[in-house]
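Heads up, the thing below is written out as structure tokens.
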Amino acid sequence: MRQSEGTENLTSRGATPRPSMRDASSRPPATTGGAAVAPVAGDDGTTLRYVHRPLPHDSGVRHVSGTALYIDDIREPEGTLHVALGLSPVARGRLRGLDLAAVRAAPGVVAVLTAADVPGRNDISPANGDEPVFAEQEVLFHGQPVFAVVATTRDAARRAARLATFDIEEEPPSITVEDALARGETVLPDYTFGRGDVEAALSAAPHRLEGVLRIGGQEHFYLEGQAALAVPGEEGDILVHSSTQHPSEVQHIVARVLGIPDAFVTCEVRRMGGGFGGKETQATQWAVIAALAARATGRPCKLRLDRDDDMVVTGKRHDMRADWRVGFDGDGRILGYDIVFNARCGCSADLSQGVVDRTMFHADNAYFLPAARIASRRLKTNTVSNTAFRGFGGPQGMLAVERVMDEIAARLGRDPLDVRKANFYAPGRDETPYGQTVEDTDVLAALVAQLEADCDYRARRRAVTAFNARSRVLKKGLALTPVKFGISFTLTHLNQAGALVHVYQDGSIHLNHGGTEMGQGLFIKVAQVVAEEFGVGIECVRITATTTAKVPNTSPTAASSGSDLNGMAARIAAATIRQRLVEFLCETYDVAEGEVTFRDDRVFFGNESLAFADLVKKAYQARIPLSATGFYRTPAIHWDRAAGRGRPFFYFAYGAACAEVTIDTLTGEYRLDRVDILHDAGRSLNPAIDIGQIEGGFVQGMGWLTTEELVFDAKGRLATHAPSTYKIPVASDVPQDFRVRLFTSANRQPTIYRSKAVGEPPLMLANAVFCAIADAVRAARGDGLAPLDAPATPEAVLRAIVGAL
Amino acid sequence: MRRTIRFLRKGETVEVEQFAPRTTLLDWLRLSERSTGTKEGCGEGDCGACTVVLRRLVDGRLVPAPVNACILLLGQVDGSEVLTVEDLAAEGRLHPVQQAMVEHHGSQCGFCTPGIVMSLFALYEAGMAPDRQEVTDALAGNLCRCTGYRPIVDAAFDALARREEDPFVARRQQVAGKLAALADEADVFVGSDQSFFAAPASIEALAQLCLAHPDATLVAGATDVGLWITKALAELPKVIWLGRVAGLDAVAEDGETVTLGATVPLSRARDVLAGLDPDLGELMRRFGSRQVRASGTVGGNVANGSPIGDLAPALIALGATLHLRRGAERRSLPLEDFFLDYRKQDRRPGEFVTAVTLRKPAGRHFRAFKVSKRFDEDISAVMGAFCLDIADGTVREARIAYGGMAGIPKRARAAEAALAGATLADGAAMERAVTALAGDFSPLSDHRASAGYRRRVAGNLLRKALTEIATGDDAATRLIGHREIRHAAE
């Protein structure tokens, strides 16, 4: 194992840790190109020129110019038709009849599709066979697609879709966790793991507490709604442009539903306008319906969901009710922890096995649980099937244990940070409830100690206490919470990736891999890796759309794994070509391999050098293959789900955040005063991109825990189905005093340039905001309690202060 | 009579003579012109991905306004220059706001970016100095799900501070000239008697048209009507747009009152109202977004009769009078009497709102509070407006109105009565007034708030207003919108 390189701090663009929204005069250093900046030392002492640099997003200029193409911007092939959905008006019932005569007769309508028009299997589920393209006899949720209209314009299709008459024998739906518990309906079996004798630990503990925490769901609200364009080819071939995080699954399920071999289907995506997990499995249905329409009509067909429909027909983050009991000692150290996560999964399994497993894997967050029983129920409700969302269940598990930390601290009259630190994993207290050893317990301890000092936690705690003593209406709260997040797909076989690299005769490089770009900066990171390998400028590496025709059998771009997996695969592909070039050079010029270096668009060997393009041309003429695939699989991981033991994670990513809030005890409104974040991205592949992931993830998590409230009515209708009623954060919600820094220590595992995954972990930094609001509620109540549920809307805050409203 | 609409696009006059009255600007851009840089994120004017900038001549000055193209009718751009994200880069150079967005890593997925660029461009064109409140206000109508906004705000600061020369400055005179050449005083009528987009140029013409077509939809800013089209799929065969009616956007002021014409944009109303009381300024700052305020109008907001519209309760508390006209017939009534029941107003077929007159709060004590899940660009759960006439510490008259507490914006007459004659120091009278609110309102539970929350907050807002008036201070009672903060014009 390598030693840590210590803690070298990087901030956004290397600026001082200023409250970044205030200083208007400072201009950032130019961040274009790789050659202008000084090289840095690599992991093995080599000189690195392209990775670890804050290069701008590869599409940045196209984004700001309006020339970046999304699905709906692709120039429509001549004769393209448009598809709209007919949605179930009830949440649960038997579909007795469906009168589509008026739909078929409407102006512009070319075709109407129902379950009867599915040539293959009427199933778009990723694994469980429980999700039809179109409802057949049974209606499972309000808004479930029952049919589709294909028409000459999108407007005509939408209008026609509203003309159907449904005959549904309505049944009382299960909407809430309690409904499902009462009926005992689940989408998957209950599952439990843990360690030690929890009951014994609880009964022997000097202190015990128990409680219930309700945790709300979350709408992804990717700005680009779901969209797909299917273009039929010859003999049943079909090309599907889909805004998906998982092109391979779209390909396979389109083939399954159409009843054709996978090889007839190509799925392609250049970029998504946001994904966040919402396009991991749930982009599939729209691509499938577009493909069905294309097959039925023989014409290109496009389906772009209206925003309100999108919010109704696509799943969300799982909302949960966490029922917990804890026993602890006088220092606040947990002795036993028993928790049940009652997860509302919606109408089908979708990804709920993995999502709720990850809730369980993160029930400990950063804390050692000597005895623990982590249980889960995957409840079936007549609501849209909940799905992946950044964090993939982890946030719910972590929020629950953070609530427990605060309750313990309140009971003992100790500072919550001290209780948290007392429970951190440490040498000798380093085994998780699922049997993985936390090997680097020093990292989080150092990170939190540094943040505590940097953000002046202790002095601010005193100031908050003093403020609350003198302020009647307004109360302040402060919290510093850690994040420990396991990196790897817990479905072990998904931890693989492929890449395809071509070098053309002019020296330009075509880069392709199985990862998808949804804004997270994966493409620029992987391009940096390839540029590094060949020693060429980033502009020589052409980033190309993800397509199942180039790299097959890919995993979804999910689980924060994009750069870890695809970066490694691309490096391997590039290294293969590079090695061929080296061998060619050595043979041709009689030099030793060790004398060859690639840098500054040239290849240096002995006392000579060649332009990279010239070398490539010579290699081509010498019949050296200039194309290669790369394949990577994550080492060391294994997981025995039946036994609840293993090493599901290659490593952990760490971070911590401190939040200070003020609440208005008359209305429950709150303002976020200041946030300090220190986050571990290993040796960042691209510090600017990673800072963007950290800030964006934090703000998204803050939205989940504060203003973003999903409301289903008693009939299972989503009342908050548009941005007018579902409130994600806006610019003014982000604190003016927002200090974000990278805690840089090399990943101790051999990841791509010792970086760490950074897509999901920062979302859970927002737990600090929720805990700070609860801290203020506690100050307002004065009785040591803070019965606050998530999301902490103003109403939830006021209810927590005054009891029932 | 002109039978086409005309606007300026990429330096050329575009004339459209055949279009469905319900055609939105966004659909025209994306489907007819095939400019796909402008995005549809929500189709209801909330996310701002479709933001474009209209430049209009106002009193000879070229005024940029960011608008949501998704809910703006194509006909509404008559007489304007339409600028989209594709138009900003010139001669291979990005506009300063685009350049700053790239350098500050202000885009991730990029889908909101065209709208954000256009909002920042409007701010830049308006000559704003870098100020955090101005920047976050300018972005309140632009949702970004990726970045967390920090780099976007930094980019805005940077671009506004740099103030590099850009080609737009040089072209301003030319554009103003072209728009002046487009300006005419003709009534516009495109279509047939069964289906038309009409834009009368005078109040007389409007009155006649409304009488002739009492079934037509009157459109001012379309910030609500736009959703009837995009979400309810309304046909709207007959549309009368008020935006060309001369004089309907007048603002008149005397010592006691201010009269706002029906088509005064909310952005201009914000400037006027902020000058009367800082709470009115803050209320208007939080009203919709800059895009919504640029399109939406005073008359539209009132005539629409939303139970949660923020303007009506404030105007009722100020003692406003509404003016209406039908044919040659004019009438006026207290604003609160206009609202009859949920979405039912005292407006007869063929009748239209011409103006609203409010009494200035000077000499009285005014407070307004809006409570919503999110501070900016949200719809009120509860909005309370309080106007107290106090002499020697005794309340002579209290006018209190709430939004979100009933099917209509409504006065709290029982609470008003409980306060009349009470002294500010009389805590018991305050509590009596709070209790009296229970008689005034029976709010509903919905996705914005429960009835219980609304009731309790309504009482607490009254407590807050009375406390602030008694102490003359709001530092201890407010999180945002402190009264000493001045609001800049928009």
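Read the figures in this text as sums done on the coordinates, not as results from a lab. No experiment lies behind these values; they were computed from the predicted model shown. Cβ atoms come from the backbone with ideal geometry, glycine included; neighbour counts cover every protein chain shown.
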* **Label-to-label distance, nm, for residues given as B:V14 and B:A476 (7 Å Cα→Cβ offset)** => 5.8 nm
* **Among beta bridges that DSSP assigns inside the protein assembly as shown, antiparallel share in %, nearest 5** => 85 percent
* Linear extension gain, A:A636 paired with A:E199, 0.36 nm per residue minus alpha-carbon span -> 154.0 nm
* To do: Within 10 Å, count the other beta carbons around each residue, average over each peptide in A:401-410, A:559-568, and list them highest first.
  => A:559-568, A:401-410
* If each of A:I624 and A:R470 carries a label point 7 Å out from its Cα toward its Cβ, how far apart are those two points in nm? -> 7.5 nm
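Pairs of Cα atoms under 8 Å, at least six residues apart: use those to get the relative contact order of chain B, whole percent. Walk me through the numbers on the way to the answer.
On the way: 1053 pairs, mean separation 59.1, N = 490.
Contact order relative to length: 12 percent.
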* Asked: What ranking of A:E249, A:E587 emerges when the number of other C-beta atoms within 10 Å of each C-beta is taken as an exposure proxy, fewest first?
  -> A:E587, A:E249
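I need to check one value: relative contact order of the range A:496-633, counting alpha carbon pairs closer than 8 Å and at least 6 residues apart, in percent.
With pairs under 8 Å counted, the relative contact order is 37 percent.
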* Asked: Reachable aspartates and glutamates from B:K344, Cα under 18 Å, same-chain residues fewer than 8 places away excluded?
  -> B:D215, B:D224, B:D310, B:E336
* For each of A:W324, B:W228, count neighbouring Cβ atoms within 10 Å of the residue's Cβ, then give the residues from fewest to most. => B:W228, A:W324
* To do: Could you calculate the contour length gain from A:S609 to A:D454, that is, 0.36 nm times the residue separation minus the distance between their Cα atoms, to one decimal place in nm?
  => 50.9 nm
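May I ask which of A:K715/B:K370; A:K484/A:K756; A:K421/A:K484; A:K550/A:K618; B:K10/B:K231; A:K316/A:K550 have a Cα-Cα span longer than 21 Å here?
Violating the 21 Å Cα-Cα cut-off are A:K715/B:K370; A:K550/A:K618; B:K10/B:K231; A:K316/A:K550.
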* If you stretched the chain out fully between B:K178 and B:S195, how much longer would it get, using 0.36 nm times the residue separation minus the C-alpha to C-alpha distance? -> 3.1 nm
* Under 12 Å from A:K525, Cα to Cα: aspartates and glutamates that are on another chain or at least 8 residues apart -> A:D58, A:E517, A:D564, A:D690
* Name the helices (complete DSSP H segments) of chain A with a Cα length along the long axis of 15 Å or more and a Kyte-Doolittle mean of at least 0.0, or state none. => A:247-258, A:284-297, A:394-412, A:441-454, A:522-534, A:568-589, A:687-705, A:767-781
* **Neighbouring partner chain Cβ atoms per residue of A:211-223, average, 10 Å criterion** => 2
* **Residues A:V254, A:V90, A:V675, sorted so that the one with the fewest Cβ neighbours within 10 Å comes first** => A:V90, A:V675, A:V254
* Mind ranking A:441-452, B:96-107, B:265-276 by how tightly packed they are, going by the mean number of other C-beta atoms within 10 angstrom, highest first? => B:96-107, B:265-276, A:441-452
* Cα gyration tensor, the range B:197-298 - rounded (a/c under 1.5), prolate or oblate -> oblate
* **Pairwise FRET efficiency - A:E210 versus B:A425, Cβ, R0 = 60 Å, nearest 0.05** => 0.80
* Asked: Which FRET efficiency, nearest 0.05, do B:V251 and A:F264 yield, Cβ-Cβ r, R0 60 Å?
  -> 0.35
* Asked: Considering the Cα trace of chain B, what is its radius of gyration and what is Dmax, both in angstroms?
  -> 22.9, 71
* Structure fact -> For the pair A:T46 and B:D392, the simple spin-label estimate (label points 7 Å beyond Cα toward Cβ) gives in nm 9.1 nm
* To do: Please say if chain A is rounded, prolate or oblate, where rounded means a/c under 1.5 for a ≥ b ≥ c the square roots of the C-alpha gyration tensor eigenvalues, and otherwise the choice is prolate for a/b larger than b/c and oblate otherwise?
  => oblate
* To do: From other protein chains only, count the Cβ atoms within 10 Å of every residue's Cβ in B:32-40, then give the mean.
  => 4
* Can you figure out the FRET efficiency of A:D506 with A:A592, using R₀ = 25 Å and their beta-carbon distance, to the nearest 0.05? => 0.30
* Length-normalised contact order of chain A in % [C-alpha pairs under 8 Å, at least 6 apart] -> 16 percent
* In peptide A:667-680, how many Cβ atoms from other protein chains are near each Cβ within 10 Å, on average? -> 3
